[in-house]
Amino acid sequence: MRSPFTALRTLGALAALSALVLVTACGQEMNANRPAPGSVSESDANRPNRPQQYAVTAVVLANASHGPQICHLARMMMPPTCSGPDVVGWDWDAVTSQSVRGIRWGTYHLTGTWDGKRFTLTEPAKNLRPGDKPRGGVDDRDFRTPCKAPPGGWKPVDRSKVSHAAEQRLQELLEQDPEYGGHWISYPAGLRGGQTVTVVTFTGDLPGNERQIRTAWGGPLCLLTVERSQQELRTVREDLVKRMRAGTPGYLGVGSDPVNNRVRLYVTVPSDHMQRELDRRYGKGAVGLSPWLHPKALPGTASGR
């Protein structure tokens with residue numbers, strides 16, 4: 001099993017693809033059975049009386065059990081399986097696709113309307129091409145290093161403590177610390193720069209926690225103070241998972257977001273009311289909404305002119 005730190009090194013590179021398919025992963029739980037009803041932001045009330053259009057990049061799949069569906073949960077085995085709402089107006093002849101044992105699928109840029117149950121195309125689907133940026137849910141995590149570089153740059157202080165075993169020891173130390181908020185791997189020169197810095201957050205006592213960390217980890221290190229501990233966030237996450245399993249409308253999945261010191265709640269379409277309710281229940285900023293469908297500006301509105 002890879003250590004959590006090794007897995008996190010791939011997180012930044014995969015972040016841009018998170019809008020394509022929501023896949024079950026460590027620390028996340030996805031609702032594979034319930035398509036989420038739509039919800040409309042209060043700002044929509046001031047828009048012209050036209051259906052809101054949404055954009056998303058997603059897998060579309062059809063098999064013997066159902067017609068074309070947009071996958072908000074896809075298991076990318078061969079052939080893949082899919083869970084999500086029906087897509088209306090689909091034409092396989094207008095796109096390229098793969099087919100294995102009666103299952104047909106592909107990944108596409110989609111634009112359409114959402115009625116709470118079905119996604120209706122308003123523009124022809126477009127195949128995802130290499131280098132394309134995904135549409136839809138935006139990943140707002142910033143994987144740049146939030147600390148200033150020390151004199152001489154980001155260098156290990158003890159190379160004997162930069163290893164897979166050292167990462168595991170550090171993880172064990174962090175999980176035992178009640179002030180631990182979370183950690184991730186940052187990229188001082190960007191995702192393609194190669195160099196990494198371990199960022200660890202605590203709710204207090206950074207000098208003391210740094211001394212403790214250095215007993216296990218000798219690599220480049222950035223420490224930050226945050227509001228919520230890992231245990232507080234875990235309690236919030238577990239409660240959201242229970243609510244999702246109980247069938248709370250609109251919930252697609254729950255995951256961790258250490259970069260923003262919050263829990264990430266995946267929804268089909270967010271609303272101001274939904275965010276206010278989460279802030280009231282868990283505290284302002286403890287839960288961030290990640291939309292699956294991204295609203296497009298309507299022609300004639302201030303943002304769509």
Exercise. Please give the peptides 250-258, 199-207 ranked by average Cβ packing (other Cβ atoms within 10 Å per residue), highest first, as a rough proxy for protection.
Key: 250-258, 199-207
Quiz prompt | Cα-based reach from Lys117 at 21 Å (exclusive), listing lysines while leaving out same-chain residues under 8 positions away | solution = Lys296
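Using unit Cβ charges (K, R positive; D, E negative) and no other charged atoms, how large, in debye to the nearest 20, is the dipole of the stretch 188-249 about its Cα centre? Please report the intermediate quantities before stating the final value.
Details: 9 positive and 6 negative charges, 58 e Å.
Dipole about the Cα centre, nearest 20: 280 debye.
Quote the relative contact order of the stretch 206-305 in percent (integer), defining contacts as alpha-carbon pairs under 8 Å separated by 6+ residues.
19 percent
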Quiz prompt | Eligible lysines near Lys161 by straight Cα distance, threshold 30 Å, same-chain separation 8 or greater | solution = Lys148
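Only Lys, Arg, Asp and Glu count, each charged at its Cβ (+1, +1, -1, -1), so figure out the dipole size of the stretch 46-109 about its Cα centre, rounded to 20 debye. Display every interim value, and only then the final one.
Values: 5 positive and 3 negative charges, 34 e Å.
Charge dipole of the stretch 46-109: 160 debye, to the nearest 20.
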Practice problem: Specify whether the C-alpha gyration tensor of the stretch 220-305 places it in the rounded, prolate or oblate class, a ≥ b ≥ c being the square roots of the eigenvalues: rounded for a/c under 1.5, otherwise prolate if a/b is larger than b/c and oblate if not. | Solution: oblate
Practice problem: Could you please state how large a percent of the accessible area of the stretch 192-305 is carbon and sulfur, counting protein chains only and using a 1.4 Å probe? | Solution: 49 percent
Quiz item: Among the lysines, which fall within straight-line cross-link reach of Lys284, defined as a Cα-Cα distance under 25 Å, with same-chain neighbours fewer than 8 residues apart omitted?
Solution: Lys242
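Quick one: grab the alpha carbon gyration tensor of the stretch 78-192, order the square roots of its eigenvalues as a ≥ b ≥ c, and give me rounded if a/c is under 1.5, else prolate or oblate depending on whether a/b is larger than b/c. Mind dumping the intermediate values first?
On the way: a/c = 2.65, a/b = 2.44, b/c = 1.08.
Cα axes put the stretch 78-192 in the prolate bin.
The values are calculated or read from the model by the stated rules, or taken from the named source; none is laboratory data. Computed from a predicted model, the values in this text were never measured in an experiment. Virtual Cβ from ideal backbone geometry, glycine too; neighbours counted across all protein chains shown. Ligands, DNA and RNA are stripped out before the accessible areas are found, and what is left, the full protein with its side chains, is counted by its heavy atoms. Shrake-Rupley method; radii C 1.70, N 1.55, O 1.52, S 1.80 Å.
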